[in-house]
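Enquirer: Below you'll find the structure I mean.
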Amino acid sequence: MEFTLITLLNGVSYGLLLFMLSSGLTLIFSMMGVLNFAHASFYMLGAYFAYTISSQLGFWPALFLAPLLVGLLGGVVERYGLRSVHKYGHIPELLFTFGLSFVIVELVQLIWGRSTVPYAIPAMLDGPLFTIYTTTFPMYRAFMMFVALLMLLSIYLLLTRTRIGLVIQAALTHPDMVEALGHNVPRVFMLVFGGGCALAGLAGVVGGNAFITEPGMAATLGSIIFVVVVVGGMGSLAGAFIASLLIVLIQTFAVAIYYSLISLIEKTGLQIASTTPGYALLSLTIAQVAPILPYLLLVLILIFRPRGLLGTREG
């Protein structure tokens, strides 16, 4: 029971971090149809900006300033880069963001170096929140969960209860009519892209010190967030939320299961020798294949439900 509860809480906290990261990518795709390959790089910038700001002003100013800086940078990228290639179609957009991701990594290494930076958890949140039997649950993990849920509520209210949210949704389906009503559609798209990047930056602020802040952090999470977006459904914020938790919980519990096909076969009374064809494959435990389970789920989703769990459009 103790292991199950702690594993569940750790999985949910990491899943909510993935949701924070993937929500920005989901919003950008749903509003603009742009699949931003550099999205994880903006997550990395959020962590590095927060490290620099927190070393001078403290963590709490960094929590607000770092996502704002990342969002402003994202707006500049959309205005002076992505908008220029948008008219040529989706392939140039993908190539642009793909190249941008490498540029950002190189700039980070030039400015902050190739080693890990000491971006620490704030002292106020560094400690146990509660203890289950003999295992403690960190206070900062709970803080990450709170920020993710608050962000989800804020996005929902912004898109459904405010004027700018209604304009954004209308600009997606009827841009000409929105422009005829006096709204600047390109500016709306710039705000959406910048806002999506800011959400990635926020994930970097709260995730960079909980895990690790180094130049490879974008590559570490870059692939898994695309799995989340595709499994949840391209453009579906609710789907990204469900997929984030589902994928992390599957992987988290899988690493603690040491059953293999051989152990299951031997329970039937059959014996498998090391000379049996395919023995190496049959001896693999679930824990050993846990890292590939999200990608296996991705393949199955693409085969049987290409639009994802809650998606309304196919990738």
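Enquirer: Which condition breaks for N36 when tested against (1) farther than 30 Å from P138 by Cβ; (2) in a helix (DSSP H, G or I); (3) of a type in the set (S, T, N, Q); (4) under 19 Å from the mean Cα position of the chain (by Cα)?
Expert: (2)
Enquirer: Starting from residues that are touching a helix residue (DSSP H, G or I) at 6+ places or on another chain (Cβ under 9 Å) and exposed (fewer than 12 other Cβ atoms within 10 Å of the Cβ), keep the ones in the stretch 85-113 and report whichever is farthest from I28 (Cα to Cα).
Expert: Going through the qualifying residues, I end up with I111.
Enquirer: Turning to a different aspect of this structure: Yes or no: L129 assigned to a strand (DSSP E or B), modelled with pLDDT under 85, in contact with a helix residue (DSSP H, G or I) (Cβ under 7 Å, 6 or more places away or on another chain) and of a type in the set (A, V, I, L, M)? Let's see the steps before the verdict.
Expert: Details: assigned to a strand (DSSP E or B): yes; modelled with pLDDT under 85: yes; in contact with a helix residue (DSSP H, G or I) (Cβ under 7 Å, 6 or more places away or on another chain): yes; of a type in the set (A, V, I, L, M): yes.
Yes: the conditions hold for L129.
Enquirer: Hey, another quick one. Among G239, G235, which is the only one that is touching a residue at least 40 places away in the same chain (Cβ under 8 Å), within 16 Å of the chain's Cα centre (by Cα), over 30 Å from I53 (Cβ atoms) and not in a helix (DSSP H, G or I)?
Expert: G235
Enquirer: Looking at (1) surrounded by fewer than 15 Cβ atoms within 10 Å (Cβ to Cβ); (2) without any contact (Cβ under 8 Å) to a residue 60 or more places away in the chain, find the lone condition where T116 falls short.
Expert: Failed condition: (2).
Enquirer: Restricting to the stretch 1-54, give me the number of residues that are in contact with a helix residue (DSSP H, G or I) (Cβ under 6 Å, 6 or more places away or on another chain) and either more than 21 Å from G75 (Cα to Cα) or free of Cβ contacts under 8 Å to residues at least 24 places away in the same chain (or both).
Expert: First, the residues of the stretch 1-54 that are in contact with a helix residue (DSSP H, G or I) (Cβ under 6 Å, 6 or more places away or on another chain): 7, 11, 13-28, 31-32, 34-50, 53-54.
Filter again for either more than 21 Å from G75 (Cα to Cα) or free of Cβ contacts under 8 Å to residues at least 24 places away in the same chain (or both), leaving 7, 11, 13-19, 53-54.
Qualifying residue count for the region: 11.
Enquirer: Of the residues A170, A148, which is modelled with pLDDT under 85 and either over 22 Å from the mean Cα position of the chain (by Cα) or closer than 25 Å to L5 by Cβ (or both)? Break it down into steps so the answer makes sense when it comes.
Expert: Working: A148 fails: modelled with pLDDT under 85.
Selected residue: A170, the only one of A170, A148 that is modelled with pLDDT under 85 and either over 22 Å from the mean Cα position of the chain (by Cα) or closer than 25 Å to L5 by Cβ (or both).
Enquirer: Next up: When the residues of the stretch 262-286 are narrowed to those that are within 25 Å of G11 (Cβ to Cβ) and surrounded by 15 or more Cβ atoms within 10 Å (Cβ to Cβ), which ends up farthest from the chain's Cα centre (by Cα)?
Expert: Residue satisfying both the conditions and the ranking: T285.
The values are calculated or read from the model by the stated rules, or taken from the named source; none is laboratory data. These figures come from a predicted structure and were not determined experimentally. FYI the Cβ positions are ideal-geometry reconstructions off the backbone, even for glycines, and counts take in every protein chain you see.
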